[in-house]
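K.L.:
This structure is in structure tokens; I'll ask about it shortly.
Read the figures in this text as sums done on the coordinates, not as results from a lab. Quantities reported herein were computed from a predicted structural model and do not represent experimental measurements. FYI the Cβ positions are ideal-geometry reconstructions off the backbone, even for glycines, and counts take in every protein chain you see.
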Amino acid sequence: MDMELIRTRKSVRTFDGQGISEEDREKLSTYIRSIENPYHIPVRFMILGAKKHGLSSPVISGEHFYITAKVPKTEHCEEAFGYAFEKMVLYAWSLGIGTTWIGGTMKREVFEREAGVTEDEIMPCVSPLGYPAKNRSLKEMAMRTAIRADKRLPSDELFFDNDFGTPLHTDDITVNNALEAVRLAPSAVNRQPWRIVRQGDSYHFYEKKNVSGGGDWDVQKVDLGIALCHFMGIAGGTLTVSSPAIQTADDTEYIATVTL
Ligand SMILES: Cc1cc2nc3c(=O)[nH]c(=O)nc-3n(C[C@H](O)[C@H](O)[C@H](O)COP(=O)(O)O)c2cc1C
């Protein structure tokens with residue numbers, strides 16, 4: 001995975017109104033069929049015309065297409081979804097196609113109907129697809145300011161050594177890049193719920209819950225899937241789920257371990 005893509009990606013909510021070239025649509029369509037995730041839970045993508053399917057979002061303008069994805073309702077489905085959808089986001093960006101993760105600012109029932117989501121599936125988020133306009137709309141600028149979209153927490157508050165009290169410092173360039181890739185990741189309302197505790201070669205991922213959501217799935221587990229995608233995209237490793245004996249606060253849940 002390319003660190004440059006991770007560094008330069010930003011949510012795009014204002015598009016140039018031109019749609020996407022046939023060639024780029026073909027490349028993206030081929031890529032989304034090849035995406036895998038370390039949970040081996042199938043995530044099925046669909047590109048839908050906005051006009052044809054009556055799809056829109058109040059924060060998005062100039063878009064002609066949306067991409068949706070569905071995942072079977074099962075343990076770890078949110079993380080698998082986050083991992084796979086973020087791979088799509090980064091690949092799209094490599095083609096110059098902008099995206100925005102949208103989990104809230106949409107008429108969910110319309111997207112779910114058009115994507116044919118069944119009772120046994122969830123569709124946590126969708127995204128518009130298109131080439132960015134030259135300038136952001138006023139509503140997009142206002143939104144970015146309101147959620148401090150360009151800010152990220154310092155690494156000392158996110159990454160720890162052996163326990164949650166000791167900030168992680170390492171000279172390993174790959175690990176530092178992988179941690180920076182996590183730090184820069186997009187998250188719902190930019191809340192950055194990921195925390196990592198290193199023990200030897202193992203990096204334990206935790207979710208610090210700070211967005212309350214309704215429904216039967218957890219949007220911040222999607223954020224954790226995105227963090228895992230960035231970390232493993234840079235550093236590789238093997239994913240397992242087996243909670244270590246590390247003391248955590250009540251609002252913090254163990255998610256997965258990546259061993260390098
Ligand atoms: C799971 C998830 C859900 C999101 N839902 C929305 C949404 O409903 N509407 C929206 O405008 N942005 C949404 N975002 C985008 C975030 O606000 C954005 O990623 C964050 O503010 C950081 O900005 P950046 O993506 O430009 O780095 C979502 C992001 C994630 C990861």
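K.L.:
For the residue pair L184 and T248, what label-to-label distance in nm results when each label sits 7 Å from Cα along the Cα-to-beta-carbon direction?
P.N.:
In this crude label model, L184 to T248 measures out at 2.7 nm.
K.L.:
Then there is this: Distance cut-off 27 Å, Cα to Cα: go down the list K151/K209; K51/K139; K27/K208 and report the pairs above it.
P.N.:
Beyond 27 Å: K27/K208.
K.L.:
Quick one: pull the percentage of alpha-carbon pairs in the chain with a separation above 28 Å.
P.N.:
Percent of Cα pairs beyond 28 Å in the chain: 31.
K.L.:
Now for a different question. Given the DSSP H assignment, sum -39500 (n - 2.57) over each helix run of at least 4 residues in the chain and divide by its residue total; what's the result at 222 nm in deg cm²/dmol, nearest 500?
P.N.:
-10000 deg cm²/dmol
K.L.:
For the stretch 155-259, what relative contact order do you get, as a whole percent, if you take Cα pairs closer than 8 Å and at least 6 residues apart?
P.N.:
Answer for the stretch 155-259 is 30 percent.
K.L.:
Reported to two decimal places, what Rg/Rh ratio describes the stretch 198-237 when computed on Cα atoms with Rh from the Kirkwood expression?
P.N.:
Rg/Rh for the stretch 198-237 comes to 1.06.
K.L.:
Find the relative contact order for the chain and round it to a whole percent, using C-alpha pairs within less than 8 Å whose residues are 6+ positions apart.
P.N.:
21 percent
K.L.:
Taking GluC sites (Glu not before Pro) that fall in a DSSP loop and have at most 10 other Cβ atoms within 10 Å as cut points, what is the longest piece of the chain between them?
P.N.:
Looking at the chain, 120-260 is the longest stretch - no exposed GluC sites (Glu not before Pro) with at most 10 other Cβ atoms within 10 Å.
K.L.:
If you look at just the Cα atoms of the stretch 155-259, how large are its Rg and its Dmax in Å?
P.N.:
Here Rg and the maximum Cα pair distance are 12.8, 42 Å.
K.L.:
Using a Gaussian network model on the chain with a 10 Å cutoff between Cα atoms, which of A245, A227, A185 fluctuates the most?
P.N.:
A245
K.L.:
For the charge dipole of the stretch 145-260, defined by +1 on Lys and Arg C-beta atoms and -1 on Asp and Glu C-beta atoms about the Cα centroid, which residue among A146, W194, F205 has the Cα displaced farthest towards the positive pole?
P.N.:
Among A146, W194, F205, the one farthest towards the positive end of the dipole of the stretch 145-260 is A146.
K.L.:
Still on this model: So what's the stretch 81-206 giving for Cα Rg divided by 2.2 N^0.38 Å, two decimals?
P.N.:
1.27
K.L.:
Right, something else. If only Cα atoms are counted, what is the Rg of the stretch 1-132, and what is its Dmax, in Å?
P.N.:
Taking only Cα atoms of the stretch 1-132, I get Rg and Dmax of 13.9, 39 Å.
K.L.:
If you wrap a convex hull around the C-alpha atoms of the stretch 130-185 and split its volume per residue, what is the figure in Å³?
P.N.:
123 Å³
K.L.:
Next question, about the same structure. To the nearest Å, what is the center-to-center distance of the stretch 168-192 and the stretch 118-138, using C-alpha atoms only?
P.N.:
24 Å
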